[in-house]
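Input: a single structure, listed below in structure tokens.
The values are calculated or read from the model by the stated rules, or taken from the named source; none is laboratory data. On a predicted model such as this, the values are computed, not experimentally measured, just so you know. Positions of Cβ are backbone-derived with ideal geometry, glycine not excepted, and every protein chain shown enters the neighbour counts. Calculation scope for accessible area: heavy atoms of the full protein, side chains included, ligands and nucleic acids excluded. Shrake-Rupley method; radii C 1.70, N 1.55, O 1.52, S 1.80 Å.
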Amino acid sequence: MQSARAAVAPGVPAYLVTRPTLGSRDVDRSALRSRIGRAVDEHRVCALFAPAGYGKTSALTAWADSDHRRVAWLSLTAADHHSEHLARGLSTALAEFETGAAAPDGHQVLVVDDVHLVGAAAAREVLRPFVENPPAGVRLLLAGRSDPGLGLSRLRAAGDVTVLDPAELSFTAAEVLALGRAVGTGLTD
């Protein structure tokens, strides 16, 4: 049996380019999934920025599981302070699109999770240029606790990016009640 930490490319463990799976206690957030889908339809870059615990990774996983487009995934780590490591990770994740057909609309989506972990130099040298000029037909979904300096304001002004903030990622009262039920805690309104 192969190790769960096997490398898919030099210096890139498989788990970094593997989409997470939803847990049995994850709550269906269909309105948020729809919002993410619309953002991907309308913009080449969508960013989800919120503190830990807002369900960014779970929301993106649920969206990817239900969307018709091909989705590749890259989870960043502290090693992505180094430009070379980040570049290898992006290249490895994009290789997912080299086999098979694109979605009917021609778009493929790369999720880059935990962008707040990227180092300043790697953000400036690798991630920002990638976000400003992604490969043809590739839409980007970025998620993290904060923007690591990607120049999104300029892209937002041009209509190329949308940002979902904590207010849009917050759980509704119904979702909190559903989560309480899922973990066996009876909550009241």
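Looking only at region 132-149, count every residue that is over 22 Å from residue 33 (Cα atoms) and either at pLDDT 90 or above or open to solvent by 50 Å² or more (accessible area, probe 1.4 Å) (or both) and tell me the total.
Going through region 132-149, the residues over 22 Å from residue 33 (Cα atoms) turn out to be 132-136, 148-149.
If we keep only those that are either at pLDDT 90 or above or open to solvent by 50 Å² or more (accessible area, probe 1.4 Å) (or both) too, we end up with 132-136.
Final tally of qualifying residues: 5.
Here is the figure for region 29-49: residues that are crowded, with 20+ Cβ neighbours inside 10 Å and either over 20 Å from residue 110 (Cβ atoms) or among the acidic types (Asp, Glu) (or both) total 1. Going by what's in this entry, would residue 144 be described as under 13 Å from residue 57 (Cα atoms), of a type in the set (Gly, Ala, Ser) and either free of Cβ contacts under 8 Å to residues at least 40 places away in the same chain or touching a strand residue (DSSP E or B) at 6+ places or on another chain (Cβ under 7 Å) (or both)? Considered against the rule, which asks whether it is under 13 Å from residue 57 (Cα atoms), of a type in the set (Gly, Ala, Ser) and either free of Cβ contacts under 8 Å to residues at least 40 places away in the same chain or touching a strand residue (DSSP E or B) at 6+ places or on another chain (Cβ under 7 Å) (or both), residue 144 comes out as yes.
Quickly run through region 42-62 and pick out the residues that are part of a helix (DSSP H, G or I), free of Cβ contacts under 8 Å to residues at least 60 places away in the same chain and either over 19 Å from residue 115 (Cα atoms) or not polar (S, T, N, Q) (or both). Let's see the steps before the verdict.
Of the residues in region 42-62, the ones part of a helix (DSSP H, G or I) are 42, 56-62.
Retained after the next criterion (residues that are free of Cβ contacts under 8 Å to residues at least 60 places away in the same chain): 58, 61-62.
The one that is part of a helix (DSSP H, G or I), free of Cβ contacts under 8 Å to residues at least 60 places away in the same chain and either over 19 Å from residue 115 (Cα atoms) or not polar (S, T, N, Q) (or both): 62.
Whenever a residue of region 64-82 is within 30 Å of residue 120 (Cα to Cα), its partners that are assigned to a loop (DSSP other than H, G, I, E, B) and open to solvent by less than 40 Å² (accessible area, probe 1.4 Å), lying with C-beta atoms within less than 8 angstrom and at least six residues away or across chains, give the pairs 70/103; 76/118; 80/118; 80/119; 81/118; 81/119; 82/119.
Given the structure, is residue 18 in contact (Cβ under 8 Å) with a residue 60 or more places away in the chain and surrounded by fewer than 20 Cβ atoms within 10 Å (Cβ to Cβ)? When the stated conditions are applied, residue 18 does not pass them.
Mind checking which residues of region 174-189 are touching a helix residue (DSSP H, G or I) at 6+ places or on another chain (Cβ under 7 Å) and either open to solvent by less than 40 Å² (accessible area, probe 1.4 Å) or closer than 18 Å to residue 53 by Cβ (or both)? 187 - this is the single residue of region 174-189 that is touching a helix residue (DSSP H, G or I) at 6+ places or on another chain (Cβ under 7 Å) and either open to solvent by less than 40 Å² (accessible area, probe 1.4 Å) or closer than 18 Å to residue 53 by Cβ (or both).
Residues of region 30-58 being among the charged types (D, E, K, R) and in contact with a helix residue (DSSP H, G or I) (Cβ under 6 Å, 6 or more places away or on another chain), which ones?
Here is the first cut: in region 30-58, the residues among the charged types (D, E, K, R) are 33, 35, 38, 41-42, 44, 56.
Matches in region 30-58: 33 only.
I want to confirm something. Restricting to region 153-173 and keeping residues that are surrounded by 15 or more Cβ atoms within 10 Å (Cβ to Cβ) and among the hydrophobic types (A, V, I, L, M, F, W, C), which single residue is nearest to residue 57 (Cα to Cα)? Filtering first and then ranking leaves 169.
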